[in-house]
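Read through the structure below, which is laid out as structure tokens, and then see the notes.
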């Protein structure tokens, strides 16, 4: 059976269709947010919230509840807590993220130990599994992804101003604190959406990789957003198909494709300079 036939066969399965829909929506959401986070030098918040989601998944599995429904409110609260630590406690951004993420990982490990160790369910949440995506996950992902994308489009001008010059944005009347909280909240939601496809340990890469890749050749802010979205969606499509063909974890496959695309774009940038 050739590759084309295998791909056709893959898309005949409902779990592959769900994985592609959810993965594409997450790719668009994470790439849009990634541009703002990377340019604000706040991209590590994605990694910190990913560690928080690990703890929330462990809690949900221990309680027998839906990991996504448990994770969303807790991870959103964690994102706001990080911002509060940064602003009120005088703790620098990366230090605040480090405090929250290290505590969350320790909590997740303790909970998993109480539950009897790292079982198959928890492992699939750690590194992603396209087989684990249920129809309910898909519907919830569609709704939340539409909310994320819509809010980014609606507040685009304010987010653009805050990203490039927060002091100037504050002077012209933009509520910068509200915008920063909005970015943190949307990042939290996107992190939770991505844990089924990419896993809690790898979801932050979907925020950072596409933007850094796009910055290699982009000439403007809008072009960075467009290229980042294209790269992110392409990585998900190739990664999900590759994970089916070669029986690899979907999360690892997507991240590896992102890495390959980054290397290609860096090479293209050097060739153009020469």
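The values are calculated or read from the model by the stated rules, or taken from the named source; none is laboratory data. Remember, it's a predicted structure, so these values are computed and weren't measured experimentally. So basically every Cβ, Gly included, is an ideal-geometry build from the backbone, and we count neighbours across all protein chains shown.
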Conditions: (1) modelled with pLDDT under 80; (2) surrounded by fewer than 15 Cβ atoms within 10 Å (Cβ to Cβ); (3) in contact with a helix residue (DSSP H, G or I) (Cβ under 9 Å, 6 or more places away or on another chain). Residue 110 meets all but one. Number of the miss?
(1)
Would you confirm whether any residue within the range 203-225 is under 25 Å from residue 60 (Cα atoms) and assigned to a loop (DSSP other than H, G, I, E, B)?
no
Quick check on this structure: which one of 237, 227, 271 is surrounded by fewer than 15 Cβ atoms within 10 Å (Cβ to Cβ) and either modelled with pLDDT under 85 or over 14 Å from the mean Cα position of the chain (by Cα) (or both)?
271
Of 167, 220, 204, the only residue that is out of contact with any strand residue (DSSP E or B) (no Cβ under 6 Å at 6 or more places or on another chain) and touching a residue at least 40 places away in the same chain (Cβ under 8 Å) is 204
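Going by the structure shown, is residue 179 modelled with pLDDT of 75 or more and either surrounded by 17 or more Cβ atoms within 10 Å (Cβ to Cβ) or assigned to a loop (DSSP other than H, G, I, E, B) (or both)? Lay out the reasoning, then the answer.
Numbers: modelled with pLDDT of 75 or more: yes; either surrounded by 17 or more Cβ atoms within 10 Å (Cβ to Cβ) or assigned to a loop (DSSP other than H, G, I, E, B) (or both): yes.
Yes; evaluated as a whole, the condition is true for this residue.
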If you take the residues of the range 44-65 that are in contact (Cβ under 8 Å) with a residue 40 or more places away in the chain and surrounded by fewer than 22 Cβ atoms within 10 Å (Cβ to Cβ), which of them is nearest to residue 194 (Cα to Cα)?
47
Residue count for the range 116-161, restricted to those that are surrounded by 13 or more Cβ atoms within 10 Å (Cβ to Cβ), outside any helix (DSSP H, G or I) and at pLDDT below 80
5
Determine whether the range 13-25 contains at least one residue that is within 12 Å of the chain's Cα centre (by Cα), at pLDDT 80 or above, within 14 Å of residue 186 (Cα to Cα) and surrounded by fewer than 24 Cβ atoms within 10 Å (Cβ to Cβ).
no
Which ones in the range 28-70 are farther than 16 Å from residue 125 by Cα and part of a loop (DSSP other than H, G, I, E, B)?
40, 41, 42, 43
Residue 195 is checked against (1) under 19 Å from the mean Cα position of the chain (by Cα); (2) more than 23 Å from residue 24 (Cα to Cα); (3) surrounded by 23 or more Cβ atoms within 10 Å (Cβ to Cβ) and fails just one. What number does that condition carry?
(2)
